[in-house]
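Asker: Sharing a structure with you now.
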Amino acid sequence: GENVEQHPSTLSVQEGDSAVIKCTYSDSASNYFPWYKQELGKRPQLIIDIRSNVGEKKDQRIAVTLNKTAKHFSLHITETQPEDSAVYFCATNAGNMLTFGGGTRLMVKP
Amino acid sequence: NAGVTQTPKFQVLKTGQSMTLQCAQDMNHEYMSWYRQDPGMGLRLIHYSVGAGITDQGEVPNGYNVSRSTTEDFPLRLLSAAPSQTSVYFCASGGRGNTIYFGEGSWLTVV
């Protein structure tokens, strides 16, 4: 089945700095790549997604890039704020299922 | 429009007991799924369904049953609860295009 690896597992940045989280996947048939943010005790919430016919997508301070040839995609958060502190999950689709990476705990220090 | 609704939010079971976690969605989504999330861990797929009458196993199906008699509902049954099933359970649903939305979660403790 699909294997999704996510790095780093923890990331600490200073407020205002940028944060980058990377994921690699194994199934070349994957064509949908969402990112979810999960705050402590809450449900995962979709923050941005990208499909395989697009190389980059931006939404305000958040961007996702996709390299289908290398089978990796990344989440970029610019001008980080304390409220960005959470666990972030990448995912890919393999057929009808979404397979998630192991998560990255982002800590933004004021 | 309530989205994805899960009940109960919290439950304590004794080893060997059975119970059902309920999940309902009002978005007419075809795809529904159940994930479990252990403390500090990622999301692991238990079972999923691509439409009424169709279910399939995910990564960690043992000890759980599901059914999909209607588009709206996708209950998860624990047949004989074990301490290893202590976890947070998330139901999710999605339409065409793979975007899925999660319910608020059900915190289950098996003692």
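The values are calculated or read from the model by the stated rules, or taken from the named source; none is laboratory data. Note that the structure is predicted; figures quoted are calculated from it, not measured. Cβ sites come from the backbone with ideal geometry, for glycine too, and all protein chains shown count toward neighbours.
Asker: Given the criteria within 14 Å of chain A (Cβ to nearest Cβ), among the hydroxyl-bearing types (S, T, Y) and within 19 Å of A:F89 (Cα to Cα), does B:S49 qualify?
Answerer: The answer is no for B:S49.
Asker: Pick from segment B:33-46 the residues that are under 12 Å from the mean Cα position of the chain (by Cα) and aliphatic (A, V, I, L, M): which of them is farthest from the other protein chains (Cβ to nearest Cβ)?
Answerer: Per the criteria, the residue is B:I46.
Asker: Still on this structure, I have one more. Quick check on segment A:22-51: of everything there that is in contact with a Gly (Cβ under 9 Å, 6 or more places away or on another chain), of a type outside the set (S, T, Y) and away from every other protein chain (no Cβ under 11 Å), which residue is farthest from A:M97 (Cα to Cα)?
Answerer: Top of the filtered list is A:C23.
Asker: Can I ask one more? Considering only residues that are among the polar types (S, T, N, Q), closer than 16 Å to A:L106 by Cα and within 13 Å of the chain's Cα centre (by Cα), look in segment A:11-56 and name the one that is surrounded by the fewest Cβ atoms within 10 Å (Cβ to Cβ).
Answerer: Ranking the candidates gives A:Q45 first.
Asker: Which is closer than 22 Å to B:W34 by Cβ and not hydroxyl-bearing (S, T, Y), of A:N3, A:N53?
Answerer: Within the list A:N3, A:N53, the selection yields A:N3.
Asker: Same structure again: Is there a residue in segment A:49-64 that is touching an Asp or Glu at 6+ places or on another chain (Cβ under 8 Å) and among the polar types (S, T, N, Q)?
Answerer: No, segment A:49-64 contains no residue that is touching an Asp or Glu at 6+ places or on another chain (Cβ under 8 Å) and among the polar types (S, T, N, Q).
Asker: Another question, then. Restricting to segment A:62-110, give me the number of residues that are surrounded by 14 or more Cβ atoms within 10 Å (Cβ to Cβ), more than 14 Å from every other protein chain (Cβ to nearest Cβ), in contact with a strand residue (DSSP E or B) (Cβ under 8 Å, 6 or more places away or on another chain) and outside any strand (DSSP E or B).
Answerer: Total meeting the criteria: 5.
Asker: Another question, if that's okay. Looking only at segment B:75-96, decide whether some residue is closer than 20 Å to A:F89 by Cα and in contact with a helix residue (DSSP H, G or I) (Cβ under 9 Å, 6 or more places away or on another chain).
Answerer: no
Asker: Out of segment A:41-55, which residues are assigned to a strand (DSSP E or B) and within 14 Å of A:F73 (Cβ to Cβ)?
Answerer: If the condition is that a residue be assigned to a strand (DSSP E or B) and within 14 Å of A:F73 (Cβ to Cβ), then A:I47, A:I48, A:D49, A:I50, A:R51 are the ones that fit.
Yes or no, residue by residue, for (1) at pLDDT below 95; (2) assigned to a strand (DSSP E or B); (3) of a type in the set (D, E, K, R):
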| residue | (1), (2), (3) |
| --- | --- |
| B:Q11 | no, yes, no |
| B:T15 | no, no, no |
| B:T20 | no, yes, no |
| B:H29 | yes, no, no |
| B:Y35 | no, yes, no |
| B:R44 | yes, yes, yes |
| B:V50 | yes, yes, no |
| B:E59 | yes, no, yes |
